[in-house]
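Undergrad: Pasting a structure below so you can have a look.
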Amino acid sequence: MLQTIRPKNKTIIGYLIIPVVMFVFTVFVPLVTALVYSFFDWKVKNKVFNGLDNYRQLFNDKIFWQAFSHNIYLVVACIIGQIGIAFVLVMLINSKMAKLKTIHRTFGFFPSTIAAVCIGMIWTMIYHSKYGVLNWFLKLIGRSDLAQPWLQNSKLVMLLVTIPLIWQFIGYYMVIILSAISSISTEIFESASIDGANGFQTAIHITLPLIKNTMLVCVTLCIAGNMKAFDNIYVMTSGGPGTASMVMAMYGYNVSFGQSNMGYGSCISVAIFVLSLLVIGGSQALINFITRDKEA
């Protein structure tokens, strides 16, 4: 019988001390520093304590709340688009009809390995008014009347910047969901097939409940990622036209570095952190409530 090898406490502490210190200095120290700075009126070199004035200004800041609504739009669209499409593709890949499953998984994951800045540049070229593939295709099929400078359309711009985000991370969630499904016994699916369950029924009533915890992790990652979305949108629109695609992180960046208002920028950063926690906690509570009702 094999004996479990357990290292000494000093060895465990030695291995953990460096990553813990790095985590503290890269996460907690900046967060606490931002919280402290948020109570100051700090423009360029002048730093004056102003109490809660920054938070009062934030509460009445229409641009910030518009940016927050854009982040919520991204969260909802990406939960449906990234996780929803990933789940459907996983079901198709795991079906008996699918061939070359390894290739599908590899190519599905490939976009998530590309830098967000590159993704933004690629899709900016696709949407380009003169040389973009989208307008070229519309002209090819005889619908040149629909061709336009897409990223200058304030009504469509949020949808247009969301599509690259969805496309980029579908493969990322595919890998997570695939790993969860691979841990389910094949006997369960065989029994469902014998009982006459079709693919849709198996996915909804068997697979989804069994990987609920994994789906919760996916939702949490999706919300956390889209509440701090920045790279793609910065490259594609810089928040424009006007503030039609402004998101919280970009607004905080513009205030902090564009306007050199570090105090109010720190206040925005703290607000992003708090609102992200509230949205994540609220979404998980809602999912648990819905699934509990179904299980009951």
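Undergrad: Which ³J(HN,Hα) values in Hz, rounded to whole numbers, follow from the phi angles of region 163-175 under the Karplus curve 6.51 cos²θ - 1.76 cosθ + 1.60, where θ = phi - 60° and Gly and Pro get x?
TA: My calculation for region 163-175 gives 4, x, 5, 5, 4, 5, 10, 4, x, 4, 6, 4, 4 Hz in order.
Undergrad: How much length is gained if the chain between Val32 and Gln284 is pulled fully straight, taking 0.36 nm per residue apart and subtracting their Cα-Cα distance, in nm to one decimal?
TA: Length gained between Val32 and Gln284: 88.1 nm.
Undergrad: Residue by residue through region 86-95, what is 3J(HN,Hα) from phi via Karplus (6.51 cos²θ - 1.76 cosθ + 1.60, θ = phi - 60°)? Round to whole Hz and write x for glycine and proline.
TA: 4, 5, 4, 5, 5, 4, 5, 5, 7, 6
Undergrad: Around Trp42, which amide H atoms from residues at least 5 apart in sequence, or from another chain, sit under 5 Å from its own amide H, with H modelled in the peptide plane?
TA: For Trp42, the qualifying residues are Val48, Met262, Gly263, Tyr264.
Undergrad: A further question on this structure: In what sequence, highest mean first, do 107-116, 34-43 appear when ranked by Cβ atoms within 10 angstrom? Don't jump to the answer; show the numbers that get you there.
TA: On the way: 107-116: 14.1, 34-43: 17.9.
Per-residue Cβ counts within 10 Å, averaged per peptide and sorted highest first, yield 34-43, 107-116.
Undergrad: Can you tell me which of 170-178, 223-231 comes out highest on packing, and rank the rest after it, using the mean Cβ neighbours within 10 Å?
TA: Top of the packing list down: 170-178, 223-231.
Undergrad: Shifting gears a bit: At a 10 angstrom cut-off on C-beta neighbours, averaged per residue, how do the peptides 281-290, 11-20, 144-153 rank from highest to lowest?
TA: Working: 281-290: 12.2, 11-20: 10.3, 144-153: 14.1.
Per-residue mean Cβ counts within 10 Å order the peptides as 144-153, 281-290, 11-20.
Undergrad: A further question follows. Relative contact order, percent, of the chain when contacts are C-alpha pairs under 8 Å separated by at least 6 residues?
TA: 29 percent
Undergrad: Give, in nm to one decimal, the length gained when the segment between Lys212 and Ser179 is fully stretched (0.36 nm per residue of separation minus the Cα-Cα distance).
TA: Working it through step by step, the gained length comes to 10.6 nm.
Undergrad: What do you get for Rg/Rh over the chain if you use C-alpha atoms and the Kirkwood form of Rh?
TA: Taking Rh as the inverse mean 1/r over Cα pairs, Rg/Rh reads 1.05.
Undergrad: Can you compute the FRET efficiency between Ala224 and Lys155 using 1/(1 + (r/R0)^6), with r the Cβ-Cβ distance and R0 = 25 Å? Round to the nearest 0.05. Walk me through the numbers before you get to the answer.
TA: Details: r = 28 Å, r/R0 = 1.12.
FRET efficiency, Ala224 to Lys155: 0.35.
Undergrad: Average the reciprocal distances over every distinct pair of alpha-carbons in region 1-116, invert the result, and give the Kirkwood radius in Å.
TA: Kirkwood radius, region 1-116: 20.7 Å.
Undergrad: Hey, what do the phi angles of region 79-84 turn into as Karplus ³J(HN,Hα) couplings, whole Hz, using 6.51/-1.76/1.60 and θ = phi - 60°, x for Gly and Pro?
TA: Those phi angles translate into 5, 6, x, 6, 6, x Hz.
Laboratory data are not the source of any read-out in this text; all were calculated from the coordinates shown. Keep in mind the model is a prediction, meaning the values are calculated, not measured. Neighbour counts run over all protein chains shown; Cβ positions are idealised from the backbone, glycine included.
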